[in-house]
Amino acid sequence: MDRDGVINRNRSDYVKQWGELELIPGALEAIAFISSSGRDLIVLTNQSAIARRLVTTETVDDIHKRLAALVAARGGSIKAFLVCPHAPEDRCHCRKPAPGLFFRAQDELQVNLANAVMIGDQITDVEAANSAGCDAILIDPFRTVPLSSNLECTVVSNIAEAAQVVCQK
């Protein structure tokens, strides 16, 4: 699952501290629903604010610990947060749309990518999932994200719908 735009609202100036994290309604419940269904839930997130020196890795880790605690309080769990700290111009292998974070999940967390499903809100999430051999779900409430014919994904309106699709697979 992606973080910004899926779990919390996107900010043009990045989430730089816990107080700036605005949860999307229903996100915590959807995460708890998915994880309580027997699936491992892993957050794969581009965090270029680290490379831009707007936030430290330690602060991002703290935000993730707090987010995991909120999910745990609702009976769910987040197995791990895998973060790409690079800026787009770094051209790294882990920044989505590159599939590096997916391969880290496979190598470090024994994720079977053929059975994995990525929930994201950007074309780059779908591209990364497709490149890694995963199914993808695109959250696009207003059906405004242009999909090219070579991308495969299920399109839903919100994270609750995405959770239903994941748990039916």
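Per-structure values
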{"quantity": "Relative contact order %, the stretch 18-168, counting alpha carbon pairs below 8 Å whose residues are six or more apart", "calculated": "21"}
{"quantity": "Stretch in the chain that is longest and holds no GluC sites (Glu not before Pro) that DSSP places in a loop and that have at most 15 other beta carbons within 10 Å", "calculated": "23-151"}
{"quantity": "Pair residue 40, residue 112: separation of 7 Å Cα→Cβ label points (nm)", "calculated": "1.2"}
{"quantity": "Amide H within-cut-off set for residue 82, under 5 Å, with H built and near neighbours excluded", "calculated": "43, 44, 45"}
{"quantity": "Rg ratio (alpha-carbon, reference 2.2 N^0.38 Å) - the stretch 1-136", "calculated": "0.98"}
{"quantity": "Loop trypsin sites (Lys or Arg not before Pro), the stretch 38-141 (other Cβ atoms within 10 Å of the site Cβ: 10 or fewer; DSSP)", "calculated": "53, 91"}
{"quantity": "Partnerless Cys - the chain, beta-carbon criterion under 4.7 Å", "calculated": "92, 134, 153, 167"}
{"quantity": "Cross-link reach list, lysines versus residue 16, counting only Cα pairs under 26 Å and skipping chain neighbours closer than eight places", "calculated": "65, 79, 96"}
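Every number in this text was worked out from the coordinates using simple rules, so none of it is lab data. Owing to the predicted nature of the structure, the values given are computational and were not obtained by experimental measurement. Note that we place each Cβ from the backbone using ideal geometry, even for glycine, and neighbour counts take in every protein chain shown.
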